[in-house]
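Notes for the one structure printed next.
The values are calculated or read from the model by the stated rules, or taken from the named source; none is laboratory data. Keep in mind that this is a model prediction, so the values were computed, not measured. All Cβ positions, even for glycine, are placed from backbone atoms using ideal geometry, and neighbour counts span all protein chains on display.
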Ligand code: PMP
């Protein structure tokens, strides 16, 4: 009989898929790693087990304890999967720009979710970092994974995501592209690929315009889960060879194209990673193999990126044809 003893046993070994439609004018091979194929729906399933194992080992998390984390949603789901199995309670603090669908997903897995204002400084007592810190201090038996500073985040990508990409491309990958949130994905995966290839693989970060990593002025943006206004400890900023800035408009337009043209219903940070991959690939040749990591599914963004009204209200082009406009007016 072939089965997993629990759903968490199915994390990782996600597929690589070649893009064929959004790649016009590109001769390099563009492959995307489909992280929504993880059971909790995102790349963040990968970090939860290692973070909790370490906390238990170090005595930071005891039986019956409570996991309190600042998350844009995906880390919450990953932690909730393991918390269920191990008997922990979960409280997740999100910035209020996180879609209601994603907040409700965490609730569906049994978590308490607390929403906090997005547009305040990290040091502000109302920020999702401050609120989660305070709860972790006040609640007896609470443990805060602190994914922004926890070395087990990058370590899990070093142990799994990196080797999967290396093995699935038979060592042929030449470029790796990932959005940077906590920096765990690009740091762990990038470090593995650099080491495995003796430094030959080029590592490229993708970053929303307005975030600190791509060096422009810091301001708000709408893509979720990526970019920051501070430098997290989980991100080794010396690793990326380049960080490419992508606007929300570019990210969202590509996210919609991936669903319609490639059959890939993915989130906005996935669209952002593909935009960066294509920008990098414009200067590459047919011998290059670019792998872009797509962190989560588009199901969490049906009310936003895939909703024409939301897009128009926020000033984004939805490319409605005159025929569609006429049909909708009937
Ligand atoms: N995209 C989404 C949707 C995410 O939730 C995250 C995690 N914050 C990322 C990208 C970035 O991953 P990392 O934190 O490993 O940099």
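Please determine, by comparing only the residues of the stretch 96-112 that are in contact with a helix residue (DSSP H, G or I) (Cβ under 7 Å, 6 or more places away or on another chain) and crowded, with 20+ Cβ neighbours inside 10 Å, which one is nearest to residue 306 (Cα to Cα).
99
Please state which of the following conditions residue 75 fails to meet, knowing it meets all the rest: (1) within 16 Å of the ligand (Cβ to nearest atom); (2) more than 25 Å from residue 298 (Cα to Cα).
Only one criterion in (1) within 16 Å of the ligand (Cβ to nearest atom); (2) more than 25 Å from residue 298 (Cα to Cα) is unmet by residue 75, namely (2).
Filter the stretch 205-225 down to the residues that are surrounded by fewer than 23 Cβ atoms within 10 Å (Cβ to Cβ), within 16 Å of the ligand (Cβ to nearest atom) and under 27 Å from residue 77 (Cβ atoms) and list them by number.
Once the filter is applied, which keeps residues that are surrounded by fewer than 23 Cβ atoms within 10 Å (Cβ to Cβ), within 16 Å of the ligand (Cβ to nearest atom) and under 27 Å from residue 77 (Cβ atoms), the stretch 205-225 yields 210, 212, 221, 222.
Does the stretch 283-290 contain any residue that is crowded, with 23+ Cβ neighbours inside 10 Å and within 16 Å of the ligand (Cβ to nearest atom)?
no
Would you kindly identify the helices (runs of 4 or more DSSP H) lying entirely within the stretch 242-330 that contain at least 3 residues that are assigned by the TED database to the domain that holds residue 15?
248-262, 268-281
Give the number of residues within the stretch 34-45 that are under 12 Å from the mean Cα position of the chain (by Cα) and surrounded by fewer than 24 Cβ atoms within 10 Å (Cβ to Cβ).
3
Specify which of the listed residues (151, 122) is within 16 Å of the ligand (Cβ to nearest atom), surrounded by fewer than 18 Cβ atoms within 10 Å (Cβ to Cβ) and under 29 Å from residue 291 (Cα atoms).
Result of the check over 151, 122: 151.
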